[in-house]
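Q: Structure below; questions to follow.
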Amino acid sequence: MRVLGVDIGGSGVRAGLVDEALQIEDVVRTSLTDRSVGSVVRAVRGALQRRDVDAVGVGMPGFVRSGVVLASPNFPTWCEVDLAGQLAQELGVPVAVENDANAAALGVHAARQGQDLVLLTLGTGVGGGVISEGRLLRGLAGTGAELGHIYVGGDRRCGCGGVGCLETWASTTGLVAAAHEIGQAVDDGLEVVTAARTGAVWATKILEEAGRRLGIGLVTLTNVFAPHRVVLAGGLSQASDLLAPPMLAWWRGHGIAANVALARVEWVGRADELAMVGAATAARRLLTEAS
């Protein structure tokens, strides 16, 4: 069974063949000419490179329900786009489309042999996915588990329209906002990480506070879901040595003791490869259900 796993980002598409052992082969990257539906469809078609596959799985940023992209902050003109249907018609094979963080959660779940988990992707924003009793939680609307938008305190306004979301603290965007609040001119959150590593006190304090807010979020998530694993992925996970101490201190000091003891915290690096594996896993399920 040959399945293509695809991760769609704001500027391009990464795709690779995902085998039965969840290994990714022949990864290619295709740029997007713009953020239209047609550009994404062409990029995915190009990523196939005339390879024969049985199905395609896609991880897509935004609100996704049953293969339909309801809306996406990365693709602001999209509204109720049946991406799975359009790609299936174009490619001639079954296509599964998932929210990218949900796809990453499916990828970790498959690799960890079915353990229940909470996953957070720490990047430009904060995404999330929950696997409970072996199932991906979606909520009644099909777009649930937006873990980056749980309330962790403060009065920072989030792009979602809420205030005090986890994303406003524990993302690269949140780090930039914190730096600007104290008059530091930075353009990217990873500049804050670099400054902290070189001994800048202001940057160290920002990351300590980001870690504490992340710990507040973990208290809520582990108290509610009691997962076997808490998995943190994404670009900001490279700052795990700076974020983890305040995060773990708050979590262990305030969470339900039994749930804290149950959960193993794991930093896994890049989220895009996890999304490719998870999307491919969803596509394989389509094939299994159809057989």
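Q: Which residue, of Gly57, Gly46, is out of contact with any His (no Cβ under 9 Å at 6 or more places or on another chain), surrounded by fewer than 16 Cβ atoms within 10 Å (Cβ to Cβ) and not in a loop (DSSP other than H, G, I, E, B)?
A: Gly46
Q: Let me ask something else. For the condition in contact (Cβ under 8 Å) with a residue 24 or more places away in the chain and more than 30 Å from Arg50 (Cβ to Cβ), what is the one hit in Val130, Val97, Val176, Val93?
A: Val130
Q: In this structure, is Glu25 crowded, with 23+ Cβ neighbours inside 10 Å, in a strand (DSSP E or B) and either free of Cβ contacts under 8 Å to residues at least 12 places away in the same chain or of a type in the set (Asp, Glu) (or both)?
A: Taking the combined requirement at face value, the residue does not satisfy it.
Q: Let me ask something additional. Right, Gly67: in contact with a helix residue (DSSP H, G or I) (Cβ under 8 Å, 6 or more places away or on another chain), crowded, with 16+ Cβ neighbours inside 10 Å and within 21 Å of Leu32 (Cα to Cα) or not?
A: Working: in contact with a helix residue (DSSP H, G or I) (Cβ under 8 Å, 6 or more places away or on another chain): yes; crowded, with 16+ Cβ neighbours inside 10 Å: yes; within 21 Å of Leu32 (Cα to Cα): yes.
Yes: the conditions hold for Gly67.
Q: If I ask for residues that are touching a Ser or Thr at 6+ places or on another chain (Cβ under 8 Å) and closer than 21 Å to Trp169 by Cα, which ones from region 100-121 would you list?
A: Asp100, Ala101, Val118
Q: Looking at (1) crowded, with 16+ Cβ neighbours inside 10 Å; (2) farther than 14 Å from Asp272 by Cβ; (3) at pLDDT 90 or above; (4) within 19 Å of the chain's Cα centre (by Cα), which one does Ser72 not meet, given that it meets all the others?
A: So the condition that Ser72 fails would be (3).
Q: Shifting gears a bit: Looking at (1) in contact with a helix residue (DSSP H, G or I) (Cβ under 9 Å, 6 or more places away or on another chain); (2) assigned to a strand (DSSP E or B); (3) of a type outside the set (Phe, Trp, Tyr); (4) farther than 23 Å from Glu146 by Cβ, which is the one condition that is false for Thr33?
A: For Thr33, the exception is condition (2).
Q: Could you please let me know if Gly59 is among the small types (Gly, Ala, Ser), modelled with pLDDT under 90 and within 21 Å of the chain's Cα centre (by Cα)?
A: no
The values are calculated or read from the model by the stated rules, or taken from the named source; none is laboratory data. This is a predicted model, so every value here is computed, not measured. With ideal geometry, Cβ positions are generated from the backbone for all residues, glycine too; neighbour counts draw on all protein chains shown.
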